[in-house]
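Laboratory data are not the source of any read-out in this text; all were calculated from the coordinates shown. Note that the structure is predicted; figures quoted are calculated from it, not measured. Virtual Cβ from ideal backbone geometry, glycine too; neighbours counted across all protein chains shown.
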Amino acid sequence: MKTLTKVLLASVAVALLAAKWNAPTFNAESLQGARVLLTGASTGIGEQMAYHYAKFGAQIVITARREQVLQQVAEKCLSLGAQKALYIAADMGVDSDPNMVVDFALDQLGGLDYLVLNHIGSSPFSMWEGDIQHLGWLMKVNFLSYSQMAWKALPSLEESKGSIVVVSSILGKMTSPFVVPYTSTKFALNGFFGALSHELAMKNSSVMITICTLGLIDTESAMEKVKDVSNVPAYPASEAALNIIKTGATKQRELFYPWYTYIVTLVRDFFPATRDYMVQKSYNYSP
Ligand SMILES: NC(=O)c1ccc[n+]([C@@H]2O[C@H](COP(=O)([O-])OP(=O)(O)OC[C@H]3O[C@@H](n4cnc5c(N)ncnc54)[C@H](OP(=O)(O)O)[C@@H]3O)[C@@H](O)[C@H]2O)c1
């Protein structure tokens, strides 16, 4: 067992070093004037991404439901150096809104270099009690709208040799209690965009898909959910946002942030019973 543990640790260390060694260098100038459509940008990681893109001098269209908040974020983006910062209010649970948002961005920016899909609908942090209606709605907001926007933006991204950046979660790689609807939508995203990137590669497409696997990030909505039940450390939203942008800009397939999400993904299937025991014990829960 001791030898096995050593072999496992050595493999993980080699995998981490190889990933770091192979990471391409980020060139900030590549984002100067880049045409970016960013969803879920009124708060949290999306808001932080808007500010980073702005500092890099990008042209941004941001979207979420709350128009007034979007207006404030757009104003701050302009003050930070964005070449353009436009906003459009939309509800991704409404059938026509995902296409409307892409049309708006294409019209205003004259094309797209980056489609950054980041929004999520709200879902309770609790055991699932059979609410199928909420599950269906969340699939629409967190998953179907992503697929719809990606398809609509593909021709323009093809022309610009652009990228689709998908913000997913470690909960799209490994299951956990209290987040049944959320984790379902993230697994669906990983499946859809993983399969789509095979098909694009096989068609010699020039569009890159970057899937971002995030651990716990210190956004207000996430902290509110886990504050009484989990001791997992939360990482800063601004740093997560910058890592997402750099990974997209360097055309990498995957981002793992923070580092432990990579290790969890590597080892998750080694000892399933131990893994499930540890996941369940990481929450303060008594029935
Ligand atoms: N925070 C974490 O710990 C964590 C961990 C792993 C992965 N992630 C991923 O990171 C991304 C951002 O997470 P976050 O914590 O920054 O989320 P957040 O702070 O809750 O922000 C969610 C964003 O989505 C928008 N939104 C909500 N419902 C919407 C709807 N029906 N239509 C359109 N927009 C809607 C919200 O704005 P409005 O209310 O104005 O619509 C807001 O801009 C998500 O994809 C999440 O899964 C986060």
Using a Cα distance threshold of under 14 Å, what count of lysine pairs results for region 28-277 when pairs must be 8 or more residues apart or interchain? 8
What is the order of 184, 147, 221, fewest Cβ neighbours within 10 Å to most? 221, 147, 184
What do you get for the angle between helix 2-22 and the principal long axis of the chain? Use alpha-carbon atoms, 0 to 90 degrees, nearest ten. 10
If you count, for each residue, the other Cβ atoms within 10 Å and average over each peptide, how do 41-52, 228-239, 172-183, 270-281 line up from highest to lowest? 41-52, 172-183, 228-239, 270-281
Would you mind listing how long the chain runs along its three principal axes, going by Cα atoms, in whole Å with the largest first? 59, 44, 37
Could you give the dipole magnitude of region 28-277 about its Cα centre, charging the beta-carbon of Lys and Arg +1 and that of Asp and Glu -1, in debye to the nearest 20? 480
Have a look at the DSSP beta bridges in the chain and tell me what percent are antiparallel, nearest 5. 5
I need the trypsin sites (Lys or Arg not before Pro) found in region 174-246, filtered to DSSP loop residues with at most 13 other beta carbons within 10 Å of theirs. 203, 227
Given only helices, namely DSSP H runs of n ≥ 4 each adding -39500 (n - 2.57), what is the per-residue ellipticity at 222 nm of the chain, to the nearest 500 deg cm²/dmol? -16000 deg cm²/dmol
Euclidean distance between Cα centres, region 63-140 to region 154-195, Å: 15
Per 0.36 nm of contour for each residue apart, how much would the distance between residue 161 and residue 32 grow if the chain were fully extended, relative to their Cα-Cα spacing? 44.9 nm
